[in-house]
Amino acid sequence: MSRHVVVLAGGLSHERDVSLRSGSRLYESLRHHGMEVTLRDVDSDLIPWLIETKPDAAIITLHGGRGENGAIQGILEMVGVPYLGTPAKNCRLAWEKNIAKNLVERSGFTTPSWMSLSHNTFRDLGAGALIDALVGYLGLPLMVKPQHGGSALGASVVRSAGELPAALVGAFAYGEIVVVEIFVDGVELAITVIEEADGARALPAVEIAPSSGIFDYESRYTAGLTTYFTPARLSDEVAAAAADLAIGAHRVLGLRDVSRTDAIASPDGTVHFLEVNVSPGLTETSMLPMSVSAAGRDLGDVYANLVERAIARAV
Ligand SMILES: Nc1ncnc2c1ncn2[C@@H]1O[C@H](COP(=O)(O)OP(=O)(O)O)[C@@H](O)[C@H]1O
Ligand SMILES: [Mg+2]
């Protein structure tokens, strides 16, 4: 019997456009795989629709807040639709960069030293002294990003103290809390983890080399602006450390089915954890599909297997 799968895409986030592209790609791949697929946006009719239609499973390709903070996952749990991906309550751990870094660091991995600060603190204590304290504590250069980020929106590099106020304003535009961390010079990596019958395994890491030097929104979604190498050009030791980190982050944060860890390998071979994504992009320029191809696998096939896992654990 053919499965009926709903792919949730769109939503009202800054990454709506990317989500629609991810959703359509998955829609095509799964249909090609013989599944009945409904591509659906998230709106006020969603809950009644789920209850009435009772799809066999849901896949969330929403990026940004609602897709990654557990809200939609929670709704699917409440209406009893099996879904592919991380349980609602664990999505929160991954979504809060500060918490994810903390838990991953406590399990023995490296993450750039950081401070997370709320907008209120700047208002209450005055920006000047706080900026001096921050630079004194972490040094330079720094990376400033929203606590709840995505697609590098609101993220910027700060090379001198004078650039910090503008970077903070840019990050606070996306939310109340920012993460300020040490800028790590090195090779940027994206490591996908997929759970299969024999456990969680890391696919070949993607090495990201943006021509601008910064993997910002434009470099991500404009074909040709970034060169990707899959597998990443790493020594066996560093490749193994990257895989260990991604599997470790997947486990310690309680992620399920699929995740993508963003990291940077510094010249000394240390792999620094940046963040983890529970709903990785699936567009033509996204890293997860590159890793799947490099592993000699087909995207529709991988997701069809994950759909079966989601259905099986719900019974
Ligand atoms: N500490 C850091 N050092 C160097 N570059 C960083 C650092 N943190 C983030 N970046 C850059 O910013 C991008 C976005 O950061 P990331 O933490 O992955 O947030 P998000 O993808 O949620 O916006 C990364 O892909 C990387 O290019
Ligand atoms: Mg990222």
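Nothing in this text is a laboratory measurement; each read-out follows from the coordinates by a stated rule. None of these values were measured; they are calculated from a predicted model. Virtual Cβ from ideal backbone geometry, glycine too; neighbours counted across all protein chains shown.
Quick notes on this one:
- Remark on the range 103-159: hydrodynamic radius 13.0 angstrom, per the Kirkwood mean of 1/r across alpha carbon pairs.
- Three-way shape call for the range 4-88 based on the alpha-carbon gyration tensor, with the a/c threshold at 1.5: oblate
- Annotation: average projected area of the chain is 16.3 square nanometres, based on the convex hull of Cα atoms across all directions.
- Reach of residue 97 by Cα under 26 Å, taken over lysines that are not fewer than 8 positions away in the same chain: 89, 145
- Of the residues 17, 268, 244, the one that moves most in a GNM of the chain with alpha-carbon contacts below 10 Å is 268.
- For trypsin sites (Lys or Arg not before Pro), the sites in the range 230-315 that DSSP calls loop and that have at most 16 other Cβ atoms within 10 Å are 233, 297.
- Among the GluC sites (Glu not before Pro) within the range 235-286, those in coil by DSSP and having at most 12 neighbouring Cβ atoms inside 10 Å are 284.
- Restricting the range 83-192 to trypsin sites (Lys or Arg not before Pro) in coil, as DSSP defines it, with at most 14 other Cβ within 10 Å: 159
- Highest-MSF residue in the chain out of 88, 243, 133 [GNM, Cα springs under 10 Å]: 133
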